[in-house]
C-alpha cells in the first residue's frame with residue numbers, strides 16, 4: 001500500500017508535528033515514519049495507525065492524486081535495467097545471426113522517426129506532452145507506484161506514441177517502396193535487394209521502440225493503480 005508522501009507531510013506540518021511526535025502518537029518508530037515519508041510504502045497497519053492520529057480514513061492518505069508516487073529502490077532499478085539489457089541482447093543476437101550489422105544502421109531513418117514521433121506528440125498533446133513523454137521514461141525503472149490521473153494521462157500518451165511510431169514507419173516504408181519501384185530500371189539485382197532491406201530499417205526501429213519501451217511503459221502506468 002502507498003501513502004501519498006506529500007499528503008502525509010502536509011497533514012503533519014499543519015499540526016506542527018515533527019516526525020518524532022508523529023512516531024510517538026502513532027506508536028511507530030521514527031525510522032518507520034522517515035521511510036514512509038521518503039517512499040510512501042506502508043503496511044496496512046502503519047497506514048491505519050497514522051490515519052487514526054490525524055482522525056482521517058486510510059483512503060484519505062493514499063496516493064491517488066495527480067502526482068505519481070514511486071517507491072525507488074536500488075534493487076528494483078537494477079532489475080529493470082537488467083531486463084532492458086536482456087531485451088537489447090536478444091535483439092543484438094538476432095541481428096548478428098541474421099545479417100551484417102551495417103544493414104541495421106541508418107542514421108537518416110532514426111532521425112526521421114524521432115522527429116516524426118515528437119512532432120506528432122506536440123500536435124496531439126502540446127509541448128507539455130512532449131516533455132512529459134521524455135521525463136516519464138524514468139518510470140521504466142520502477143514497478144511500485146501509484147499514479148491516479150497523471151499515470152493514466154502518461155499511459156494514454158505512450159499508447160498514442162506507439163501508434164505514431166508505426167504510422168511514421170508506414171509512411172516512410174511506402175515512400176521508400178515507391179522510390180525503389182519508380183527507379184527499378186536503374187537497379188541491378190543486388191542493389192534492388194539491398195534497397196528493399198534498407199527500406200525496412202525504419203519499421204525495425206519503430207518496432208524496437210514501441211515494443212521495447214513505449215508499450216510496456218504504457219501498460220505499466222495504466223495498471224499501476226490496480227496493484228495492491
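The values are calculated or read from the model by the stated rules, or taken from the named source; none is laboratory data. Because the structure is a prediction, the values reported are computed rather than measured. Neighbour counts run over all protein chains shown; Cβ positions are idealised from the backbone, glycine included.
In this structure, does residue 139 turn out to be modelled with pLDDT of 85 or more, buried (at least 17 other Cβ atoms within 10 Å of the Cβ) and in contact with a strand residue (DSSP E or B) (Cβ under 8 Å, 6 or more places away or on another chain)?
yes
Name the residue, out of 82, 116, 54, 131, that is in contact with a helix residue (DSSP H, G or I) (Cβ under 9 Å, 6 or more places away or on another chain) and assigned by TED's automatic domain parsing to the domain that holds residue 202.
116
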